[in-house]
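To start, the structure under review is shown below, and the notes come after it.
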Amino acid sequence: MNFVANKSDLKVVGTRPVRPDGIDKVTGKALFGADLTMAGTLVGKVVRSPHAHARIVSIDTSKAAALPGVKAIITTADFPEISSEVAAAGDGAVNFRHMAHNVMARDKVLYEGHAVAAVAAMSSAIADAAAALIEITYEVLPFVIDVEAAMADGAPILHDDLVPSGMANPGKPTNIAKRVEFKLGDAEAGLAEADVVVEGRYETTAVHQGYIEPHAVIASVNPDGQTQIFASSQGQFMIRQYVSKILNMDIANIRVTPAEIGGGFGGKTLVYLEPLAVALSRKAGKPVKMVMTRDEVFRASGPTSGGVMTVKIGAKKDGTITGATIDIALQAGAFPGSPVAPACMCAFACYDLKNVRASGYDVVSNRSKIAAYRAPGAPISAFGVESAMDELATKLGMDAIALREKNAAKAGTKAAYGPVFPEIGFEQVLAAAKSHPHWTAPLGKNQGRGLATGFWFNIGGDSSASVFINEDGTVSVVSGSPDIGGSRASMAMMAAEVLGVPYEKVRPIVGDTAQIGITGMTGGSRVTFATGMATVQAAEKVVDELKKRAAMIWDISPDAVDWKDGEAVPAGANAGGFDPMPLAAIAAKAGKTGGPIGTEVSINAQGAGAGFGAHICDVEVDPETGFVKVLRYTAVQDVGRAIHPSYVEGQIQGGAVQGIGWALNEEYLYDKKGRMDNSGFLDYRVPVASDLPMIEAVLVEVPNKRHPFGVRGVGEVPIVPPLAAVANAVKAATGVRMMSLPMSPPKILAAMDKA
Amino acid sequence: MSKIHVTTTVNGEPAEFLCEAQESLLDVLRDQLKLTGSKEGCGSGDCGACSITLDGRLVCSCLVLGVEAEGKTIGTVEGIANGDTLHPVQVKFLEHAALQCGFCTPGLLVATKALLDANPNPTETEARFWLAGNLCRCTGYDKIIRAVMDAAAEMRGEHA
């Protein structure tokens, strides 16, 4: 299908219908991971390491096994050793050996909360009692939590066999897993040409995705190996593949049904409980259900990295940036795989720079293995870069937006990470921010305004969707993408648009792994773009078939039939004088014209469109306490074209608020023994309703012409600017530049006292 | 361990169950009465996903024991709609797209209904503070607050 240039040609796309799964979700009927059950289901629990770093000397399960009601116990001995194999997955790469060792510790525990054993029993109480009876002897080892300490000489080493990539082999054990570098021109020479240079060292902490639904799974293995898994995740095919790798099972024997997912934000793009539940079920011969506690979610599932970075930007007096560098080190957690590459790639992607370098280190330490979190890495480097841009604007005496306009990336800009941008909307985003009344609204005492921008690639990839015409002319759509934020609505809308039928006549579902072709995870802001493209293509094939059937009924050539507003019509006067034939009429005769009408399309979607945003934040800082109140927040973003504008706004509002939490409240705290100190929502404080104003989302639409309806993808960009937008507002309100997150009241107060 | 017999009222209907002394009301609702609309997000009263009303008072059911329901009246998300007719708070949550993943939604709906029962004309600030015990990680609360204010107006008859 060709790109639809005129928005006015669209009847369904761009409207705001009620989502098809809405009533289930407001009446309590929707089934999430922990809501499903099967007859005879056992309760599974995990035994986790109390130590940040220790060698497992012995595990004695005999007492636990003897407890009545205990049906299976698993330890490392129940898992095959697998070779190191790295596979592409969403925004990053997966090392299955590391994943297997994260799911169940082998010789060593590498963080507090690392799984060491698991038990399945007749009840939760018996499982808890059995877990307490498993006797594990540890040899406690020195540990390291912080990234710079982990890189220092003499640091405790997590993996003796770790050989860093992207740099010279240090010839001795190291915690550095990787070095990456992206460059364009000569950054140092560019900096030397500058009239003004700013330089700063910025620091962010690990923060958790904070989805409200803890990880949950129920698994049932038959004696012939056929396995059913119901789980809440960002990818049923991901679970199938990872379980197959970790337990050495045939993929065809694993059927994964996606439960409704209670938030993921990247944190449900990998497995924790699923292989354990399958292994327990295999051993017990009964279904096993496992649900994490909130404490386990914090201690054992991935937050994103904290990191340290040095940012340097130089410019001419007129604001033209001549050179820029960022050097960053990110925590990977216990196994390699921080988002250091995207952090570097995104760092300066908003700007058209001739001389730029971004380099970074991926560093392991005794923390839980990090997982993807919404635009992985990008918010971290943007905190440094966009704070530095604010400093540069101040030094140059330039308006923050004017400085960015002067250097804005546009069509034809070569990004430091490689590509030349096609049509992008960053300049339009800046223009919309500048003309928004918020930018020039008056401020009161102790108040300040900050602006920051952000970039995310957005991705395409493997997606499958099917469209079937039912006997009565209604339409069923099946896709392989778990729906986190309303994507079933957008699939139904796109199918309805192509078919020319009302939205309410199209009912979409998310298929299990046996019902639909392989589909990559819901992540990378890819679903509306890639799975939407598959849905559109399937609907187009169905339209072609409907035209053929009408031609058969009319006994004319299929070329002589057009499809208009859900009806077959003769293509012109020469085709014959037939009355339009509605879809339902064609469907009713399908049995006589060749059988059921429907098709499935599986594609690797190419041509995702990069996204840019600019956020304006007003804060008031209490000079007595250092408390920051966000007064007003406006988030401007190029969304390509919004299929369902309410859910696009919702992505932007939600992402912005996660970023505000990252900026002000959220952090992983560790005690002196390397144990997490704040593993609950009382002490790990995500933003609540009373913390916030309304979040105004401004949709700029510069369509991505490689998608029929212009979709870019929207979910990730909005978390990129807020960290610096809030910091820049705090600077404006107090005169104090906060170099480290979170900007908690005591830190702000200390900084103000020092100034 | 012998179980305790509890007689109670759930969403207007008589209900009885056997539970252990330490079982939370949330677990009883979900595991025994099969009312899985109430969710467990934390088990410590911090997230509000398990919000119910107990004799009209908004509580976290994870912090209430099953035995405490004896003789009391329980309201859950499953009881908000009147048969096939959705309650205005449910309608407004749908119209305003006030949910994304939908996991926090049951608790927010119960809490919103309790707010509007107690205060039919809340200010935005009052609504935000009343709902501060219900975490939502998807929406940033914007559309939730708009839905709540609109539902309040609807229930006051201002849309007629």
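Can you tell me which residue is nearest to the other protein chains (Cβ to nearest Cβ) among those in segment B:33-43 that are more than 10 Å from residue B:61 (Cα to Cα) and either open to solvent by less than 30 Å² (accessible area, probe 1.4 Å) or more than 15 Å from the chain's Cα centre (by Cα) (or both)? So the residue we want is B:37. Which of the residues that make up segment A:729-749 are in a helix (DSSP H, G or I) and closer than 25 Å to residue A:209 by Cβ? The answer is A:729, A:730, A:745, A:747. Just one of (1) assigned to a loop (DSSP other than H, G, I, E, B); (2) touching a residue at least 60 places away in the same chain (Cβ under 8 Å); (3) charged (D, E, K, R) fails for residue A:172. It is (2). Checked against (1) surrounded by fewer than 21 Cβ atoms within 10 Å (Cβ to Cβ); (2) under 44 Å from the mean Cα position of the chain (by Cα), residue A:546 passes all but a single condition, namely (1). Residue check: is residue A:596 over 30 Å from residue A:525 (Cα atoms), out of contact with any Phe, Trp or Tyr (no Cβ under 9 Å at 6 or more places or on another chain) and open to solvent by 50 Å² or more (accessible area, probe 1.4 Å)? For residue A:596, the condition - over 30 Å from residue A:525 (Cα atoms), out of contact with any Phe, Trp or Tyr (no Cβ under 9 Å at 6 or more places or on another chain) and open to solvent by 50 Å² or more (accessible area, probe 1.4 Å) - is not met. Pairing residues of segment A:125-137 that are under 21 Å from residue B:24 (Cα atoms) with residues that are at pLDDT below 95, at Cβ distances under 9 Å and at least 6 apart in sequence or on separate chains, gives A:125/B:1; A:125/B:20; A:125/B:22.
Being within 14 Å of another protein chain (Cβ to nearest Cβ), of a type outside the set (A, V, I, L, M) and on the phi > 0 side of the Ramachandran plot is true of residue A:265.
Residue by residue, here is whether (1) out of contact with any helix residue (DSSP H, G or I) (no Cβ under 7 Å at 6 or more places or on another chain); (2) within 14 Å of chain B (Cβ to nearest Cβ); (3) closer than 30 Å to residue A:392 by Cα holds:
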residue	(1), (2), (3)
A:654	yes, yes, yes
A:657	yes, yes, yes
A:667	yes, no, yes
A:670	yes, no, no
A:689	no, yes, no
A:698	no, yes, yes
A:705	yes, no, no
A:719	no, yes, yes
A:727	no, no, yes
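Of everything in segment A:210-257, what is within 24 Å of residue A:370 (Cβ to Cβ) and either within 14 Å of chain B (Cβ to nearest Cβ) or in a loop (DSSP other than H, G, I, E, B) (or both)? Give them in sequence order. Across segment A:210-257, the qualifying residues are A:210, A:211, A:212, A:213, A:214, A:215, A:216, A:232, A:233, A:234, A:235. Restricting to segment A:26-64, and then to whatever is free of Cβ contacts under 8 Å to residues at least 24 places away in the same chain and either aromatic (Phe, Trp, Tyr) or outside any loop (DSSP other than H, G, I, E, B) (or both), can you tell me which residue is farthest from the other protein chains (Cβ to nearest Cβ)? Going through the qualifying residues, I end up with A:62. For segment A:610-648, a tally of residues being in contact with a Phe, Trp or Tyr (Cβ under 7 Å, 6 or more places away or on another chain), in a loop (DSSP other than H, G, I, E, B) and open to solvent by less than 10 Å² (accessible area, probe 1.4 Å) returns 1.
The listed residues are B:131, B:94, B:99, B:115, and the only one of them that is part of a loop (DSSP other than H, G, I, E, B) and either within 8 Å of chain A (Cβ to nearest Cβ) or touching a residue at least 24 places away in the same chain (Cβ under 8 Å) (or both) turns out to be B:99. Check segment A:71-78 and report whether any residue there is farther than 30 Å from residue A:339 by Cα and within 14 Å of another protein chain (Cβ to nearest Cβ). No, because not a single residue in segment A:71-78 is farther than 30 Å from residue A:339 by Cα and within 14 Å of another protein chain (Cβ to nearest Cβ).
For segment B:79-109, the tally of residues that are touching a Leu at 6+ places or on another chain (Cβ under 7 Å) and within 19 Å of residue A:31 (Cα to Cα) stands at 6.
The residue list A:60, A:35 contains one member that is open to solvent by 20 Å² or more (accessible area, probe 1.4 Å) and acidic (Asp, Glu), which is A:60.
Scanning segment A:456-463 finds one or more residues that are assigned to a loop (DSSP other than H, G, I, E, B) and among the aliphatic types (A, V, I, L, M).
Checking A:723, A:749, A:692 one by one, the residue that is of a type in the set (A, V, I, L, M), under 14 Å from residue A:663 (Cβ atoms) and in contact with a Ser or Thr (Cβ under 8 Å, 6 or more places away or on another chain) is A:723 and no other. Would you call residue B:26 touching an Asp or Glu at 6+ places or on another chain (Cβ under 9 Å), open to solvent by less than 10 Å² (accessible area, probe 1.4 Å), part of a helix (DSSP H, G or I) and more than 8 Å from every other protein chain (Cβ to nearest Cβ)? Spelling it out, residue B:26 is indeed touching an Asp or Glu at 6+ places or on another chain (Cβ under 9 Å), open to solvent by less than 10 Å² (accessible area, probe 1.4 Å), part of a helix (DSSP H, G or I) and more than 8 Å from every other protein chain (Cβ to nearest Cβ). With respect to residue B:126, determine if the residue is part of a helix (DSSP H, G or I), more than 30 Å from residue A:42 (Cβ to Cβ), of a type outside the set (Val, Ile, Thr) and within 11 Å of chain A (Cβ to nearest Cβ). In short, yes. Return yes or no: is residue A:295 at pLDDT 95 or above, of a type in the set (Asp, Glu) and touching a Gly at 6+ places or on another chain (Cβ under 8 Å)? For residue A:295, the condition - at pLDDT 95 or above, of a type in the set (Asp, Glu) and touching a Gly at 6+ places or on another chain (Cβ under 8 Å) - is met.
The values are calculated or read from the model by the stated rules, or taken from the named source; none is laboratory data. From a predicted model like this one, the values you see are computed outputs, not experimental measurements. We place every Cβ from the backbone using ideal geometry, glycine too, and count neighbours over all the protein chains shown. Protein only, heavy atoms only, side chains kept; ligands, DNA and RNA dropped before computing areas. Shrake-Rupley method; radii C 1.70, N 1.55, O 1.52, S 1.80 Å.
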